Amino acid sequence: MSYDKHDSHHVNYLAVFLVLCSFTALSVVFDLMSFENHAVTVVLVMAVALAKALCVMMFFMHLKFEGNWKFILLAPTTILALGLPMALMPDIGVAYYTPTAPQQGEWGEQMKEYRAAHAAEHGHGEDPTGDEPPSQVMHEEEHSESTEAYNSSD
Amino acid sequence: MKMGIPIPNPKLGMWLFLGTEIMFFTAFIGTYIVVRVSAGEKWPQPHDTHINILAGATNTFVLIVSSFSVVMAHAAMGEKRFESARKWLWVTMVLAVVFLGIKGFEYNGKFNYDILPGRIAETPTQAISKVDRELEAVVRGRLSMYTNEAVISNPRPDDLSTVVPQLQTFHQGGEPAEEMDAELAAEFRQRAATDIELFQKWKTLHEHIVANVSLIALKSAEISSYRAARNELAEGDRLPELSFNEVKAYLADMKANESYGASVAADVFDPQPVLYGNLFASCYFLMTGFHAIHVLVGMILFGLALYQGTQLNERWDNWVENSGLYWHFVDLVWIFLFPLLYIAS
């Protein structure tokens, strides 16, 4: 069987390279923009990463110009690769119960004092009384309650 | 009839290998995403774990440039411009070294701040306990010099409490077991006074911790020794529990001491609890470590091609192409590691 060693396609590698550099700069810009909701930053930078990965695979790895064998070869591994996080996510990632790791309960109890010390040292502007943002307070209360419930159930 | 996949065997082999590599790295990356989602807002902030986003972004840029140089080397091989191919391969090698250099710089920062799996205090109580352990190591280090029989008559005792009374005797003018130069003895006595003071400072902190430590929080093997130590305390468990702020201030005071402050500052980290810090450090070193190993393997592949020198010819075409595919994959992995480790945290 003979193969076309160097396919007749012509790619402007320099243009691809410049696009990749721009994407990298964009990731840093998104991070520096400090969106109120950090999830927005994460989604944006992951989208940029995906775009960069596609550029590398399509043009540098020449997958854009390869035959359909690429799907046969890569589909099984991709499915298996996605399977792991999908299998773990329901129980470990987004558990329906409140986690009761010892350090979480202890953290909830001692957080106020630590925050006060941390704020005083770094001048981050946190309330020296140790009051937490609402979301944080909610989480800590949840953990403390869950720890108590866990202990009392023993 | 033609059978099989219409690509050369080496290339097929490389793509099959890359298939296994995809599963290898996505196992790590997938697990990291799961634990990251699980931790939610409590995941460590970049400044807590000394993550340097500039270093990460620079390394991303370095790998992208190296991917470009590899593809240029491959293109040059196809056009039989072997001299040019060698030049681009050298560029790739240099960039790989730069990448590992920056990674080494980052690792060094982690080691300097003890951001290592299993060594990070996750709560204020753990941070206090860590100060206690590190301070004890400093005290043991400094007192170990007196276990020389020429200084005091004590052949390497394990227990600090047996060394200090002898040191006190020595400090107060007692004679060493063997003859010693008067000047040297005076110097040792002066140092002994400092080290006794350091020991007392550590002992005070340690006793407060022993008196108040929650036995439930200890490993089962440690409970009996802590219980025995608590029973030996003159004040029993009546010593007040030290708060995180108090321990922090106590340590700062020790580090400011003219005599032993430098020793304490060198080996005792400022206490800073980082919830989920150990999990982050494990993921960070596992992923970036395996990635760095892949970079090293890539350098070996390019090195073998470059070793041919002017003998590099079309017979090495497949080699350069497949090494390039491997190198692009290494770049791909980093493309995902950078946002996940440096930004999403």
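Per-residue shielding of B:250-262, expressed as the average number of other chain Cβ atoms within 10 Å of the residue Cβ, stands at 0. Would you mind classifying the range B:17-106 by shape? Square roots of the alpha carbon gyration tensor eigenvalues, ordered a ≥ b ≥ c; an a/c under 1.5 is rounded, otherwise it is prolate if a/b is larger than b/c and oblate if not. Note, shape of the range B:17-106 comes out oblate.
Each listed q (0.11 Å⁻¹) maps to a log10 I(q)/I(0) for chain B, found by the Debye formula over equal Cα scatterers with no solvent: -0.86. Would you mind getting me the FRET efficiency between residue B:229 and residue A:38? Use the beta-carbon distance for r and R0 = 41 Å, nearest 0.05. Approximately 0.35, to the nearest 0.05. Report, to the nearest whole %, how much of the accessible area of chain B belongs to carbon and sulfur atoms, 1.4 Å probe, protein only. Solvent-exposed carbon and sulfur of chain B make up 58 percent of the total. Go through B:281, B:242, B:291 and say which Cα lies farthest out towards the positive end of the charge dipole of chain B; charges sit on Cβ, +1 for Lys and Arg, -1 for Asp and Glu. Projecting each Cα onto the dipole axis, the largest value belongs to B:291. Mean partner shielding of peptide B:36-47, defined as the number of other chain Cβ atoms within 10 Å of each residue Cβ, is 4. Between chain B and chain A, roughly 5700 Å² of accessible surface gets buried, counting both sides and using a 1.4 Å probe. Among the residues of B:5-17, the average count of other protein chain beta-carbon atoms within 10 Å of the residue beta-carbon is 3.
The listed residues B:24, B:111, B:280, once ranked by accessible area (1.4 Å probe) with the largest placed first, stand as B:111, B:24, B:280. Computed from the C-beta positions of residue B:84 and residue A:95 and an R0 of 51 Å, the FRET efficiency is 0.35 to the nearest 0.05.
Provide the FRET efficiency to the nearest 0.05 for the residue B:189-residue B:45 pair, computing r from the beta carbons and using R0 = 51 Å.
After rounding, the FRET efficiency stands at 0.55.
By a 1.4 Å probe calculation restricted to protein chains, residue B:26 has an accessible surface near 40 Å², given to the nearest 10. Put a dot 7 Å past the Cα of residue B:200, heading toward its Cβ, do the same for residue B:293, and the two dots end up 5.2 nm apart.
Pair-distance distribution of the range B:222-277: all C-alpha pairs, bin width 10 Å, starting at 0; shares per bin in whole percent are 19, 29, 41, 11. Radius of gyration over Kirkwood radius for the range A:23-91, both on Cα atoms: the Rg/Rh ratio is 1.10. Among the listed pairs B:201/B:248; B:42/B:255; A:70/B:80; B:203/B:248, those with a Cα-Cα distance over 23 Å are B:42/B:255; A:70/B:80.
Two-decimal Rg/Rh of the range B:200-345 from alpha-carbon positions, Kirkwood Rh? My calculation of the ratio gives 1.29. Based on protein heavy atoms only, chain B ends up with 46 Å² per residue of surface accessible to a 1.4 Å probe. Comparing B:136, B:207, B:246 in a Gaussian network model of chain B, where Cα atoms under 10 Å apart are tied by springs, the biggest mean-square fluctuation is seen for B:246.
Highest GNM mean-square fluctuation among B:307, B:32, B:250, for chain B modelled with Cα contacts below 10 Å: B:307.
Taking label points 7 Å from Cα along the Cα-to-Cβ direction, residue B:23 and residue A:51 give a separation of 3.3 nm.
Near residue B:114: Cβ cut-off under 12 Å, other residues only, Lys/Arg at +1 and Asp/Glu at -1. The net charge is +1.
The values are calculated or read from the model by the stated rules, or taken from the named source; none is laboratory data. Owing to the predicted nature of the structure, the values given are computational and were not obtained by experimental measurement. Backbone-built Cβ (ideal geometry, glycine too); neighbour counts: all protein chains shown. Heavy atoms of the whole protein, side chains included, go into the accessibility calculation; ligands, DNA and RNA do not. Shrake-Rupley method; radii C 1.70, N 1.55, O 1.52, S 1.80 Å.
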